[in-house]
1. Could you check the stretch 83-106 and list, in sequence order, the residues that are assigned to a helix (DSSP H, G or I) and farther than 16 Å from Pro65 by Cβ?
2. I'm checking my understanding of the structure. Among residues of the stretch 130-158 that are outside any helix (DSSP H, G or I) and of a type in the set (A, V, I, L, M), which one is farthest from Ser96 (Cα to Cα)?
3. Can you find a residue in the stretch 70-87 that is of a type outside the set (Phe, Trp, Tyr), under 22 Å from Ala274 (Cβ atoms) and within 17 Å of the chain's Cα centre (by Cα)?
4. Pairs needed: first member in the stretch 36-51, within 23 Å of Ile178 (Cα to Cα); second member anywhere, of a type in the set (Ser, Thr, Tyr) and at pLDDT 90 or above; C-beta distance under 6 Å; at least 6 residues apart or different chains.
5. Could you tell me which of the residues Gly283, Gly294 is out of contact with any Gly (no Cβ under 9 Å at 6 or more places or on another chain) and either within 24 Å of Leu221 (Cα to Cα) or of a type outside the set (A, V, I, L, M) (or both)?
6. Find the strands (runs of 3 or more DSSP E) located wholly in the stretch 10-82 whose residues include 1 or more that are surrounded by 12 or more Cβ atoms within 10 Å (Cβ to Cβ) and at pLDDT 95 or above, and list them.
7. Might you let me know whether the stretch 267-277 holds any residue that is part of a strand (DSSP E or B), of a type outside the set (Phe, Trp, Tyr) and closer than 21 Å to Gly88 by Cβ?
8. Considering only the stretch 53-87, how many residues are of a type in the set (Gly, Ala, Ser), farther than 16 Å from Phe205 by Cα and touching a strand residue (DSSP E or B) at 6+ places or on another chain (Cβ under 7 Å)?
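The values are calculated or read from the model by the stated rules, or taken from the named source; none is laboratory data. Treat the numbers as computed from the prediction; the structure is a model and nothing was measured. Because the Cβ atoms are built from the backbone with ideal geometry, glycine has one as well, and the counts that use them run over all protein chains shown.
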Amino acid sequence: MSMQRREILKAGVTAAAAAMTGAAAWSQAAVAQTGPAAKAGGLLRRAIPSSGEMLPVIGLGTSGPFEVGPDPVVRAPLAEVLEGLFAGGATLIDTSPMYSTAETVLGELLTPAMQQRAFVATKVWTRGEQEGRAQIARSAQLMQRKVLDLVQVHNLLDLEVQLKTLRRLKEEGVVRYIGITHYTVPAQAELAAIVQREPLDFVQFNYSATTPEAEQRLLPLCADRGVATLVNRAFDDGKVFARLKGRPLPPWAAEIDCSSWAQLLLKFVISHPAVTCVIPATGKLRNLQDNLAGGRGRLPDAALRKAIVAAVTAA
C-alpha cells in the first residue's frame, strides 16, 4: 500500500550518509550545464528548442486527480491546485481525452487570467483523420481554447495519420506545437526511432531515478535533434514513495535545496540537460507546492545524481 505523501514531507534531514557528502559539492557550473535556461520567480525555465519559447521546468499532470465529476466540494481542491500552479510561476498543464473528465474540469476551472498564462498540452487518442480532427476540436471546446499549445499523439495510436493531421492543424494555426507520447520503458526504442525520422516539437516519456533508461538513447537523441521533452512518471506512479517510507533524507539533500524526497526526485529529472519539463499529477495543493520547490534552487551535479539513484533504490 502506498504511503501518504505527507509522511514523506515530514522526513527530516537527519540520516547518516557521510560517504556521499563529499560528492555533494555544487557550483554555478551545474546550472550552466543544464542547457538554455533562465530563472523567473525562482522557478527554473528551459527553452523549447524549435522556437526558443521558455517553459518552467515543473508542470502539472491531470491523469487521476482531475478525473472527477461536477461536485463543487470535490473540485474545490483542484481549483486551489490551479491557483497554486500559476502563483508558483508554472504554466504547463498536460491532459488527454483519455483522462475521462479531465479536459472538461480544466475548461471549467481555469479562469480567464489563467487561460492567458496557461500552456495547455493535450493529446489525440483515436483512429482516422476525421476522428482525429473531431477529437482535437472537442478538446479545444472543452478547455475553452481557440488555440491548443501542444497536441501529442497519445501512446502512438494511429501515428502516421494523426501526425499528418497535426501538421495541417499547426499550419492552420489551431495547434502551436506537435509531439508524441508513451509511458513505458519498452516503448522508448520506438519513440527514438520516430524522433530520428520525424520532425517533432515535443516527445513525452517516462524517466525517473528508478527508471533512468531514457538516458541511454532517447534523451541524448532529443537533445541532438532539438526536440523538447516532457517527463511523466517521475515518481514511478507513486511506488517510489512506498519504498522510501520512514526513511529520512540524506544530509547532502540540503546542499541542493531539497527538503523532501519529492523534491530530490524531481531535481534528478530536471538536472538532465535534455529535460524540458516534468509533469507530476496531483490534486492536493501541499503536494503541488512541494513539487514546485523541486524546480527552484541548486541542481545536483553528476556525482549527486548517482547519489540520488543510490539513495532511492537502496534496499
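1. Phe86, Ala87
2. It comes out as Val147.
3. No, there is no match, as no residue in the stretch 70-87 is of a type outside the set (Phe, Trp, Tyr), under 22 Å from Ala274 (Cβ atoms) and within 17 Å of the chain's Cα centre (by Cα).
4. Filtered contacts from the stretch 36-51: Arg46/Thr276.
5. Checking each option against the conditions leaves just Gly294.
6. Output list reads 43-47, 54-56.
7. yes
8. 1
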